[in-house]
Amino acid sequence: MTRLQWTTRRTDGHAVISVTGELDLGTRDALIRAVHEALADGATTVELDLSGLAFCDSSGLTGLVAAYRIAEADGRHAYVGAASPSVRNLLDVVGYERLHRRSSQDPHPESTA
């Protein structure tokens, strides 16, 4: 198993969490913690850059949904910006399009494709 690693960049209320490794049952709580930290530091939007993610299973998807819901419950927004082709396909196949859609109220352009 490849450990989940991330870095967070912050600009004017916008946090970009770049994730590498594998997102699964053993690592999803780390992702959720990273989102909590970004929100606690004042981010109004949290972009998850999953372009470096090598693997994501159903437990990882649960973590992504949790991150989305945590932000939304607090009146903020979380979304997947970039994603590796396999992760983007997984999101599309399971119908989680809302996870990779920016809020129309987000003044920050997506920093990743």
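State, to one decimal in nm², a quarter of the convex hull surface area for the C-alpha atoms of the chain, i.e. the direction-averaged projected area.
Details: hull surface 24.3 nm².
Average projection, Cα convex hull of the chain: 6.1 nm².
Where the only charges are on Cβ atoms (+1 Lys, Arg; -1 Asp, Glu), what is the dipole of the chain about its Cα centre, to the nearest 20 debye? Can you show the working numbers first?
Details: 11 positive and 15 negative charges, 1 e Å.
Magnitude of the dipole: close to 0 debye.
Would you compute, from DSSP H runs of 4+ residues alone, the mean residue ellipticity of the chain at 222 nm, taking -39500 (n - 2.57) per run and dividing by the full residue count, rounded to the nearest 500? Show your work: numbers first, answer last.
On the way: 3 runs with 38 residues, N = 113.
Per the formula, -10500 deg cm²/dmol.
Would you calculate the separation in nanometres between label points at Thr2 and Asp57, each defined as 7 Å from the Cα along the Cα-to-beta-carbon direction?
1.6 nm
Residues with beta-carbon under 9 Å from that of Gly63, excluding Gly63: net charge, scoring Lys, Arg +1 and Asp, Glu -1?
Working: positive: Arg28; negative: Asp24, Asp29.
Once all neighbours under 9 Å are counted, the net charge is -1.
What are the trypsin sites (Lys or Arg not before Pro) within the stretch 1-99 that DSSP puts in a loop, where the Cβ has at most 11 other Cβ atoms within 10 Å? Mind dumping the intermediate values first?
Details: sites: Arg3, Arg9, Arg10, Arg28, Arg33, Arg69, Arg76, Arg88, Arg98; in loops: Arg3, Arg76.
Hits after loop and neighbour filter: Arg3.
Laboratory data are not the source of any read-out in this text; all were calculated from the coordinates shown. Every value quoted in this text rests on a predicted model; they were computed, and no experiment measured them. Methodologically, a virtual Cβ is constructed for each residue, glycine included, from the backbone with ideal geometry; neighbour enumeration extends over all protein chains shown.
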